[in-house]
Amino acid sequence: MPGTRGGQGLVEPLVLVTPGIALLFGAFLFPVGQILVLSVAPSGEEMGAWRNFARFFADDYYLRVAWRTFRLSLLITAATALIGFPLAYAMARAPRWLAFLLLLLTVLPLMTSVVVRTFGWMMVLGRGGPVTDLLMLFGLSARNAVLLQSETGIVVAMVQVLLPFMVLTTLGVIAGIHPHLEEAARTMGAGFYRTLRHVVLPPRAPGLVSGSLLVFAISMSSFITPNLIGGVRLPVMASAIYQQAIHTLDWGFAAAQSTLLLVAVLGLLVPYLALMRRARV
């Protein structure tokens, strides 16, 4: 009987996790495995299986695209954190009605297609748009200067797209800090910024790092917004992969670039997850 009871106890968890494992395998692991195989498929040329990777590192164009993608992702992550953390803190400490209003304004853009939002930014940042007219009014730009098809435009649009992810990730951990801890610190003579640095940030740094990693990973692989805002003048890794796979039909090289992009993201996520697991232990 104990063996039977133990077997029944094992069946129920297996039934619960099987659909998720099947979906994970069919929608992620199997396609990624196909990409990995395709990236090192023998081509019959001099470099053999590693020809696609050697081609990537030998071409300055693709190295510049990779560096631009990495640099823009860092800028987007930093700007999103600088805006998102104070906003999440204000939402956690605001009255309930104001917190609900701020949360609604933050989440509402997620209910709109990213394509629609990006086209809206194209109108705002383009020639004749309100941003260009405002900069010209204050003498901050030339008459023919536009933020469309610029790295600044990409950063601005991507920050707006990814801000909800940062806010929602950090809001929960900030709300977990009891306000009495901050009140005690202020009573002991600590100012607002000192309280924020010594009481709020240290225990909630993992949440902020988690949100930053999420934003960075999405930024690295984003296609629609950087492609529409930056155009052909400022390609990123995702648009270069699309170009090779759809227009040039060089699937092996596109798979190699996808593999390198995946390795770059995992190179940040895996150490963080390992550190978080060790910290819990």
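The values are calculated or read from the model by the stated rules, or taken from the named source; none is laboratory data. Given the structure is predicted, the values throughout are model-derived calculations rather than measurements. Here the Cβ positions follow ideal geometry from the backbone for every residue, glycine too, while neighbour counts run over all protein chains shown. Surface areas here come from the heavy atoms of the whole protein model, side chains and all, with no ligands, DNA or RNA. Shrake-Rupley method; radii C 1.70, N 1.55, O 1.52, S 1.80 Å.
Brief remarks on what is shown
- Positions within region 66-83 being of a type in the set (A, V, I, L, M, F, W, C) and crowded, with 21+ Cβ neighbours inside 10 Å, in sequence order: 72, 76
- Matching residues in region 128-168 - criterion: being open to solvent by 70 Å² or more (accessible area, probe 1.4 Å), within 30 Å of residue 100 (Cα to Cα) and modelled with pLDDT under 85: 130
- Subset of region 229-257 that is within 20 Å of residue 73 (Cα to Cα), touching a Phe, Trp or Tyr at 6+ places or on another chain (Cβ under 7 Å) and not β-branched (Val, Ile, Thr) - its residue that is surrounded by the most Cβ atoms within 10 Å (Cβ to Cβ): 257
- Within region 84-122, the set of residues being of a type in the set (Ser, Thr, Tyr) and either surrounded by 14 or more Cβ atoms within 10 Å (Cβ to Cβ) or assigned to a helix (DSSP H, G or I) (or both) comprises 89, 106, 118.
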